[in-house]
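Visitor: My questions will all concern the structure given below.
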Amino acid sequence: MLKTHFLAVILFIITMVILTLILYFLSCIFFSTGVEDELQVEKLYQYECGYSPFGDAREAFDIKFYLVAVLFLIFDLEISFLLPMAVTLSALGIVEYSTVFAFLTILTIGFVYEWRKGGLDW
């Protein structure tokens, strides 16, 4: 029985390696990375959060970048913690309800801060 489990894992690894090699060689054959025109040069630049990669490294970032990141964290954390709580709603006691309330209060403070700083103004 244990032998069949190892066989499945080995077959999966072999299949993964073969598919990876096939896709790699197909991309080498069909897609070139030549810089024939100016548009191709622009596509090869490194992505750095929407800013040009050239210039002074001490240049200040716009506050909107950080506000969008905070907004994402607030909503991402809220959903990831509230979904399991909603599934087990009938089994929660007073301690769990107070913990969820404190968590939502902290997230609401972060949301109000985001709102006051203009992070929701697109």
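The values are calculated or read from the model by the stated rules, or taken from the named source; none is laboratory data. Keep in mind the model is a prediction, meaning the values are calculated, not measured. So basically every Cβ, Gly included, is an ideal-geometry build from the backbone, and we count neighbours across all protein chains shown.
Visitor: Provide a single number: the residues in segment 72-90 that are at pLDDT below 80 and under 17 Å from residue 118 (Cβ atoms).
Guide: 1
Visitor: I'd like the residue in segment 75-122 that is surrounded by 14 or more Cβ atoms within 10 Å (Cβ to Cβ) and of a type in the set (D, E, K, R) and, out of all such residues, is nearest to residue 62 (Cα to Cα).
Guide: Selected residue: 117.
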